[in-house]
Amino acid sequence: MQNLKFFRYLAYSIEILVFFVLSSTPSLFPEIFGATPCFLVALSITIAVFENEVPAMIFGVACGALTDLGFSNSIGLFTISLTIICFLLGFCANNIIAANFYNVMLSAVFIIAAILSLQFVFAFVIHGYDNAGTYYINHYISRIVQTILCTAVFYFVNKFIYETLGD
Amino acid sequence: MNDFFKSNSVRIFLSTVFIIIVLSVFTNSIEANFLSSTVNSITYPLSKVTAAATSEKDMSYSELLTEYEKLKDENAQLRTQLVNYYDTLTENTRLWKFYNLKKAHPEYSIVPSVVLRRDTNDEFYSFTLDKGTTSDIAVSDPVVSQNGLIGWVSEVDLNTCKVVTILSPQTNVGAVDNKSNDTGIVTGSALYCDDNLTTFTKLSASHKIKAGDIITSTGVSGLYPKGLIIGEVTDVCYDTYNSTYYAVVKPYDDITTITDLAIITNYTGQGEVLLNSTTENQ
């Protein structure tokens, strides 16, 4: 069982690393309505619902730190928010709600919209840039929708990993 | 529920959040920290491979077919030549783009570089280049293409550096219209950045700027070399909010997709602020 758990965590880690590199590769994914999805946010949510709260939190830290450190040299919004959210998701999925597709997607809609909107606040509103609202409509809504769609795909991928290499 | 709040999980969670907040403060206060250097060093080889694999993207099937036929012919001719010929040729082609720039400005120290990553979370098309402090890159170094200014280095670590483009409002370049001699500040705008456009702001009410004029840097702050081409004026508008005129400037390169660039690490007048002249900052 311990071996299976190790291979499951290894599979998650490889998945995270590969999508981190692919998402940052220039011109690999086409921009739809001026944005590409945040793969790591979707990945951390779908991993968290299948794991206990501590492993869920650790993968949340990894996804958040990679998102933050990959581009800004500093730990910030994504690391802190994904740490808290993945811990709570891991706890809820084990004790309060069932980790089925509909519950995961419903949670993902609120979580992704909240995190990316918060990022918009830090990136635009606080700096006082002009035309921030236009940018939110033209880019962020597309990014939120795409990330939610990715969550649906990652849900089935990680469910497969969990069922194949589950306890 | 009470048991849960007293459990080890919650203690681990609270400790992790505390550590992350401390690290967040630490990483925000230090320019090049070991965390980001470690992440970049681990992912550097994989990013290099994927970046190279996508460098010739956006070609149609017929274009690819033509390219394939051309390369097949070339391959037959080149088969007898040295094994490392292709590498040398590619590097030479890339460097050739910057030859004219170097020829025109022999005082520039130029480091050719390629885009390693594009920041999907950044709204103004910033990107990461494959050169860092090991290549003498420093924060604020100008980044150029063979056609002009592209941006400036905002963060640097051992092997990579982050570049903020002239499409970003974070960028402020003192600039001059070469034809009318009107001066102002080139800065990005959320309204125009998606169309690969930037703005030439703080123009006087009596300006004589017209569409087609070429905008260059003034170099007065010592942050950018003097005379670096920024772009061409496409339109002159009036900002009713600020009651000032600004010009819309189109850079000569598509900054949203550009891959081959050079970083100017040293030039005459670097870091020397010219007093009693137009303001330039970044």
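Principal axes first, then extents: for the Cα atoms of region A:2-164, list largest minus smallest coordinate on each axis, whole Å, largest first.
Extents along the principal axes: 53, 33, 27 Å.
What does the helix-only formula give at 222 nm for chain B: each DSSP H stretch with n ≥ 4 adding -39500 (n - 2.57), the total divided by the residues, and the result rounded to the nearest 500 deg cm²/dmol? Numbers along the way, then the final one.
Values: 6 runs with 82 residues, N = 282.
-9500 deg cm²/dmol, from helical runs alone.
Once you've got the GNM for chain A with C-alpha springs shorter than 10 Å, pick whichever of A:F78, A:F101, A:F154 has the biggest mean-square fluctuation.
A:F101
Please find, in a Gaussian network model of chain A (springs between Cα atoms separated by less than 10 Å), the residue of A:L89, A:L43, A:L22 whose mean-square fluctuation is greatest.
Per the Cα network of chain A with a 10 Å cutoff, A:L22 tops the list.
Could you identify which residue out of B:L64, B:L95, B:L158 has the top mean-square fluctuation in a GNM of chain B using Cα springs shorter than 10 Å?
Highest fluctuation of the listed residues: B:L64.
Using the 10 angstrom Cβ neighbour count as an exposure proxy, how do B:K70, B:K102, B:K250 rank, fewest first? Walk me through the intermediate numbers first.
Numbers: B:K70 10, B:K102 14, B:K250 19.
Placing the least packed residue first, the sequence is B:K70, B:K102, B:K250.
With only Lys, Arg, Asp and Glu charged, each at its Cβ (+1 for the first two, -1 for the last two), find how big the charge dipole of region A:2-164 is about the Cα centre; round to the nearest 20 debye. Show your work: numbers first, answer last.
Values: 4 positive and 7 negative charges, 39 e Å.
Here region A:2-164 has a charge dipole of around 180 debye.
To the nearest 500 deg cm²/dmol, what mean residue ellipticity at 222 nm is calculated for chain A from DSSP H runs of n ≥ 4 alone, each contributing -39,500 (n - 2.57), summed and divided by the residues?
Details: 7 runs with 119 residues, N = 167.
Using -39500 (n - 2.57) per qualifying helix, the result is -24000 deg cm²/dmol.
At a Förster distance of 45 Å, what's the computed FRET efficiency of A:I97 paired with B:S180, Cβ-Cβ distance as r, to 0.05?
Numbers: r = 66 Å, r/R0 = 1.46.
About 0.10, to the nearest 0.05.
Going by alpha carbons, how many degrees (0 to 90, nearest 10) lie between the helix axis of A:53-72 and the longest principal axis of chain A?
Between helix and principal axis, roughly 30 degrees.
Percent relative contact order of chain B, based on C-alpha pairs within less than 8 angstrom and at least six residues apart?
Details: 515 pairs, mean separation 47.4, N = 282.
So the answer I get is 17 percent.
Given a cut-off of under 8 Å on Cα pairs at least six residues apart, what relative contact order in percent is computed for chain A? Intermediate values should be presented prior to the final figure.
Working: 199 pairs, mean separation 53.4, N = 167.
Computed value for chain A: 32 percent relative contact order.
Which helices, counted as full DSSP H runs in chain B, have an axial Cα extent of no less than 27 Å and a Kyte-Doolittle average of 1.0 or above?
Helices meeting the span and hydropathy rule in chain B are B:8-29.
Would you mind giving the mean number of other chain beta-carbons within 10 Å of the Cβ of each residue in B:189-197, as a whole number? Spell out each step's value before the answer.
Details: counts 3, 11, 5, 1, 3, 6, 0, 0, 0.
Per residue, the number of nearby Cβ atoms from other chains is 3 on average.
We did not get these values from a lab; they are worked out from the coordinates using the rules stated. Just so it is clear, the structure is predicted and the values come from calculations on it, not from any experiment. A quick note on method: Cβ atoms are made from the backbone with ideal geometry, for glycine too, and the neighbour counts reach across all protein chains shown.
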